[in-house]
Each structure stands twice: as structure tokens, then as C-alpha cells.
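The values are calculated or read from the model by the stated rules, or taken from the named source; none is laboratory data. As the structure is a prediction and not an experimental result, all values here were calculated from the model. Ideal geometry is used to build each Cβ from the backbone, glycine not excepted, and the neighbour counts take in all protein chains shown.
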Amino acid sequence: MPNHLPEEMTKISHFIIKAMRLLDGLAHIIIGLSLAIAVIMFTWLFFAEVHEAINAHNLVHGFLHALGTLMLLWSISALITAEIRYLQDGKLEVETFVEVAMVVVLRKLIVMPVQEITPTTEELVMWVGASLVLGILFVLVRWGRREFAEKSREFTEKK
């Protein structure tokens, strides 16, 4: 890799790169710990909401709220998987973030019936449309990844 800096600055640039890698590592440790704490908190909240629903004798309403919390836990789990993958091989998959967005939209659709304010038709159409677009995007990303893997395998076999 060519160095575009004057030779005198090479040592400084190496020091800065090392410092930035240390900061990046620290940031990922903080992200990992935060995600772990979020798992504990959302798990506790899920069981607290189920307990509250049982005590309030309103299982359907309470269960839908608890299911919404469980969907947030699913999002956190997908982010943890992405963080692990990043720490292992330095890759972030677009698919993970599409999945997280899908779960967030799905959560919204699940809790809409039990919101205190009834959603407007436009709101409902917007969220259903978002889920449709994200679903199509998810399929396209998966298909594209599979196609790329097949083309790479064919190219490797020809060599």
C-alpha cells in the first residue's frame, strides 16, 4: 500500500493508526458490554410485563406489549451477532441491519392494536409499506449474496 505522507510523518501516522485501533477496540468493548446489559434489561422487562399482564387479568393486551419487548430483544440479539462477526473477521453484513429494521417495523405492527392512540390509516399504510419494502430488500440482499457466492465458486473452480 503506497504511503501518501512525507517520510518524516510516517512514524506519526503509525502512532495515530495504533491509537485509532486502540480506540476502535475500546469502542467495541463498550458496544459489547452495552448490548449484554440491554439483553439483561429487555429480558427482565419481558418477564415483568408478562407478570403485570397476569396480575391485571388482561393477558392479550399485556402479552402483545411483552411480545413487543421480546422483539426488541431479538433486535439486540441480531446486533450482538453482527458485533461478534465484526470482531472475528471484520465484516458487517447489510443483511443484519435490514433484519433489525424488519424486526422494529414488525414490533410496531404488533403493538399498534394496543396503543393508547389509534393509528391513522396513513400511519398503518406507512408501516405495512415499510415492512413490505424491507421484506423485499431482505430477499434481494440474500439472493445477491448467494449469487455472488456461486459466481465466486465458479470462478475459483475455473482456475
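Side notes on the structure shown:
- Against the test of being surrounded by 11 or more Cβ atoms within 10 Å (Cβ to Cβ) and within 22 Å of the chain's Cα centre (by Cα), the options Leu26, Leu35 yield a single qualifying residue, Leu35.
Conditions tested, residue by residue: (1) closer than 29 Å to Trp143 by Cα; (2) surrounded by 14 or more Cβ atoms within 10 Å (Cβ to Cβ); (3) touching a Lys or Arg at 6+ places or on another chain (Cβ under 9 Å).
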{"site": "Ile40", "(1), (2), (3)": "no, no, no"}
{"site": "Phe47", "(1), (2), (3)": "no, no, no"}
{"site": "Ile54", "(1), (2), (3)": "no, no, no"}
{"site": "Phe63", "(1), (2), (3)": "no, yes, no"}
{"site": "Leu67", "(1), (2), (3)": "no, yes, yes"}
{"site": "Ser77", "(1), (2), (3)": "yes, yes, no"}
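- Residues that are without any contact (Cβ under 8 Å) to a residue 40 or more places away in the chain and closer than 21 Å to Glu93 by Cβ, drawn from region 124-142: Ala130, Ser131, Val133, Leu134, Gly135, Ile136, Leu137, Val139, Leu140
- For beta carbons closer than 7 Å, sequence separation of 6+ or different chains, a first residue in region 9-32 that is at pLDDT 85 or above and a second that is aliphatic (A, V, I, L, M) and assigned to a helix (DSSP H, G or I), the qualifying pairs are His28/Leu87.
- Among the residues of region 110-132, the ones that are surrounded by 11 or more Cβ atoms within 10 Å (Cβ to Cβ) and hydroxyl-bearing (Ser, Thr, Tyr) come to 1 in all.
- Filtering region 68-100 to residues that are free of Cβ contacts under 8 Å to residues at least 40 places away in the same chain, farther than 17 Å from Leu35 by Cβ and of a type outside the set (Lys, Arg) leaves Asp89, Gly90.
- Taken as a whole, region 7-16 holds no residue that is within 19 Å of Val114 (Cα to Cα), surrounded by 12 or more Cβ atoms within 10 Å (Cβ to Cβ) and not basic (Lys, Arg).
- The set of residues in region 96-120 being under 9 Å from the mean Cα position of the chain (by Cα) and acidic (Asp, Glu) consists of Glu99 alone.
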